[in-house]
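Okay, handing you the structure first.
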Amino acid sequence: MDEVIQVTQWLSSITPRKKAKLFFFTTHADAPSPMVGSNDVDTHEETQLPLATTVALHNFKNIDEFLKKKVNTFSCYNVIQNEITKTDYEYLRFYSACKYLDVVPPFLDLEKISAIQNKFEMTDEERDYRVLLDSADLVLEKVCDSLKPAGVSQMWTALRKDRNLIRGVKTIDIIGFFVDPNPTGIKECLFFFIVRFLQKADKINRVNTNRLERLIAQCDESSSCEEGKTIDFIIDSLRFYPTELYPFGFCLIMCVIEGRDGAMQEIEKTMEISRHLGMITHTEKNPTKETIELVKKELMKPKYQFYSSFTCWFMSHGDSNSMVLADGETIEREWFLTSFPDISTFQLKPKVFFMVSCRGANKFSLKGDEFEGQSATCDYYDIGSALIRNRMLDITDSVRDISYVQPMMDTLVAYSTILDHLSGRANTHGSIYVDRACVPMSENISRGRSLTEILEHLSQDLHEILQETMDEDRIVYKQACHYDSFFRKTLKLPYTRHPKEDVHSAPQ
């Protein structure tokens, strides 16, 4: 069958709502740059004009033409270059979006998909189409689905009132002030236009969504929300880090085994819990400084752009400032923590570090006969008061910026013990912190809960446990864990859990 006829039939089989979503997912706002085949030409026309004309004319002709052009580009694309190109990214995004929406063209060359994934050096686990979907776009899709056409229309009216923001933007004028978003698919086109416009104007990104939240907050709840949804519910969904679908993120486990009884148990527990939460996991046993540098270099590879989060478990001996590596050398804990968050592939994404080591020799020891022999180691926008509001600073958009980000932002560091204190171990099971941390994360009660909430529960649980030193003094003591957070959103643990796998099958 002629390819033109195939493409026409394929487009005719897609509903207007799915066409709008396919366009949105395909014109991903945070595509990596610079790259081979990419230039700095403004893609404003490509990403916003088809949406604007569709809303204005109630006609999907321009979106159809855009999708046809994409299909033709991919059909002619020859995957022969060693470098990763802009078309490689676009092809993978297009394929994953089609798969997610269940509209994969029957004529799409899946061998090219595999060849592109080879260029990205993707493992079998990473070839799951869900890895390629952008979790931030999936959250925005759900927000759109929660709003009625009237709600999106009210957002549009609120946006049009910001004259400083829309001044001189031709696509805004194409749509006009009054919009009828009721025809099928038009609501989606208008909402996605608003989102992409705010992204291109550097007003929102995957972390900074305040400007979008403010538009939603101005909607009338009775007419703007789909059944069972509220304005508060919709805004709250934007206040979590986007980690939709599988995988939850990439997990790196580094564990010094030499001289640490129970270290293999630590590895098995952390591997099991990371997979249970839906992370793709890599383990490094007995890391050295060279190992750490190689891992950092690996994480700079383009394929890690597709991950939604990064988690690292580092387990070793240590003191107040440093950690002991497998070869006996030490590294500064601060150096380790500040070098990983600056990796560009995980910028604007949550990064969690579990630092499991002693930070000194002090103990919170317990005295008294009753302790002898006891041990386990044997902001809403509706501010209620106008008076309070009037006394607050008036922070205008002119003094706000989301373009430049401190490297440590969006990072959380969880320590197994407080500064200058011991981190307890059991001879057979390794770190007590690791053991107790894996328990709440594996339980059903943690589904959909925030990570910090789980860490607070862990802190309570760990501090109840009586531990005993392994020296001749046999001192009974308690351990206190804590965390430092630079998070700007809440990181929720996934609701969906994954079946237990053989932990020994992980890459070594």
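Determine the order of 258, 126 by accessible area, beginning with the largest, at a probe radius of 1.4 Å.
Largest accessible area first, the list is 258, 126.
Just how much of residue 211 is accessible, in Å², when a 1.4 Å probe is used and the result is rounded to the nearest 10?
Counting only protein heavy atoms, residue 211 exposes about 20 Å² to solvent.
Ignoring everything except DSSP H segments at least 4 long, calculate the 222 nm mean residue ellipticity for the chain; use -39,500 (n - 2.57) per segment, divide by total residues, nearest 500.
Helices in the chain give a 222 nm mean residue ellipticity of -12000 deg cm²/dmol.
Right, here's the next one. For 174, 216, what's the largest-to-smallest order of accessible area, 1.4 Å probe?
Result of the area sort, largest leading: 174, 216.
Also, I was wondering about something else. Tell me which label goes with the value of Cα Rg over 2.2 N^0.38 Å computed from the coordinates here: (i) 0.99; (ii) 1.10; (iii) 1.04.
Looking at Cα Rg over 2.2 N^0.38 Å for this model, the match is (ii).
Follow-up. Where the centre of each part is set by its Cα atoms, how far does segment 135-180 sit from segment 211-281, in angstrom?
A separation of 27 Å, based on Cα centres.
Of the DSSP beta bridges with both residues in the chain, give the percent that are antiparallel, rounding to the nearest 5.
Counting DSSP beta bridges with both partners in the chain, the antiparallel share is about 35 percent.
In what order, largest first, do 348, 294, 238 sit by accessible area if the probe radius is 1.4 Å?
294, 348, 238
On a straight-distance basis, which lysines could pair with residue 68 in a cross-link, Cα separation under 16 angstrom, same-chain partners fewer than 8 positions away excluded?
Cross-link targets: 18, 19, 21.
Size of the dipole of segment 134-239 about the Cα centre, Lys and Arg at +1 and Asp and Glu at -1 on the beta carbon, nothing else charged, in debye to 20?
580
At 1.4 Å probe size, with the rest of the protein present, what percent of the exposed accessible area of the chain is carbon and sulfur atoms?
Percent of accessible area from carbon and sulfur atoms in the chain: 49.
Sticking with this structure for a sec: Just list whichever of 229/349; 289/351; 187/351; 161/489; 301/492 have alpha carbons separated by over 30 Å in the model shown.
Cα-Cα > 30 Å for 187/351; rest within.
List the aspartates and glutamates whose alpha-carbon lies under 13 Å from that of residue 119, not counting same-chain residues fewer than 8 positions away?
Output for residue 119: 83, 88, 111.
Round to the nearest 10 and report in Å² the accessible area of residue 27, as given by a 1.4 Å probe over the protein chains' heavy atoms.
Here the residue's solvent-accessible area equals roughly 10 Å².
Continuing with the same structure: Identify all lysines with a Cα-Cα distance to residue 269 below 18 Å; exclude those on the same chain that are fewer than 8 residues away in sequence.
Cα-Cα hits under 18 Å: 285, 500.
Here's something else I'd like to know. What accessible surface, in Å², does a 1.4 Å probe find on residue 76, ignoring ligands, DNA and RNA and rounding to the nearest 10?
Roughly 110 Å² of residue 76 is accessible to a 1.4 Å probe.
When ligands, DNA and RNA are left out and all protein chains stay put, how many square angstrom of accessible area per residue does segment 134-239 have with a 1.4 Å probe?
Accessible area per residue, segment 134-239: 40 Å².
The values are calculated or read from the model by the stated rules, or taken from the named source; none is laboratory data. Quantities reported herein were computed from a predicted structural model and do not represent experimental measurements. Using ideal geometry, Cβ is built from the backbone for each residue, glycine included, and neighbour counts are taken over all protein chains shown. Side chains included, ligands, DNA and RNA excluded: accessible areas come from the protein's heavy atoms. Shrake-Rupley method; radii C 1.70, N 1.55, O 1.52, S 1.80 Å.
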